[in-house]
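Laboratory data are not the source of any read-out in this text; all were calculated from the coordinates shown. No experiment lies behind these values; they were computed from the predicted model shown. Cβ placement follows ideal geometry from the backbone for every residue including glycine, while neighbour counts extend to all protein chains displayed.
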Amino acid sequence: MNRLKDKVAIVTGAASGFGEGMAKRFAEEGARVVVADLNIKGAERVAGEIGEAAVCVQTDVSQKSEIAEMVDTAMKAFGRIDIMVNNAGYTHRNGDMLGVPEDMFDLITAVNMKAIYHAALAVVPIMEKQGGGSIITTASTAGLRPRPGLVWYNASKGWAISATKSMAIELAPKNIRVNCLCPVAGETGMLAQFMGEDTPELRAKFRASIPLGRLSTPLDIANAALWLASDEAEFITGVALEVDGGRCI
């Protein structure tokens, strides 16, 4: 199928998990994809598996200069940017809110919050010049229905949701749609940190909080992102889409 034919997408945190799922799903639907991640070996693997429709770039989204380099890579490779996916994320381990050191708090806010600001500064002028675009952020059910033990992570995702809605209002006249996804915990590298430790008992406890009875998968998130990025969602902006098996009900 070709729901993203002729579109160019940047996906951060695309070397694994949700980001990898989105990058590959977008490419299946005709997009050319910039696979951006701090883990360059993983990004190279994902881009290689996609093929000629992908390029990779090592990007630390907490650094403004590296986001600028990522956007420059996209423009040099493909000449435009239609979809910007702010997917890279970071969390502290589940535990006492007072036990999170300041440097970890700063990294969480830099990756989960400030990176959205830096990406907007870089891509909005390009999208405006092109006549429109789509910005998608991976937020979390944590920003809507927080779990205990993840206070500062939860707060960063609440900020991402509020930023999404605020950006959507301001950028609507430029035909730039801004939405976010709110996945429930999934099979990604951060699962153990969300739970505190990865044990069958804790997994069962997490699954029990999800009415549909399972964790999310990269394909669940990728299919939701694909719809938001496509022209099928051309009238959708400012939405925090729960992809959570009913967790937020």
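The table that follows gives values for the structure above.
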{"item": "Fraction of the pair-distance distribution of the chain above 27 Å, Cα-Cα pairs, percent", "result": "30"}
{"item": "Set of lysines with alpha-carbon distance to residue 64 below 16 Å, sequence-local pairs under 8 removed", "result": "114"}
{"item": "Cβ-Cβ FRET estimate between residue 52 and residue 234, R0 fixed at 30 Å, reported to 0.05", "result": "0.60"}
{"item": "Residue 209-residue 64 pseudo-label distance in nm [points 7 Å out on the Cα-to-Cβ vector]", "result": "3.6"}
{"item": "About the Cα centre, charge dipole magnitude for segment 8-243 (Lys/Arg +1, Asp/Glu -1 at Cβ), debye", "result": "380"}
{"item": "Estimated distance in nm for a label pair at residue 41 and residue 197, the labels positioned 7 Å out from Cα along Cα-to-Cβ", "result": "2.7"}
{"item": "Cα centroid separation, segment 19-69 to segment 215-248 (Å)", "result": "20"}
{"item": "Exposure proxy order (Cβ contacts within 10 Å, fewest to most) of 113, 22", "result": "113, 22"}
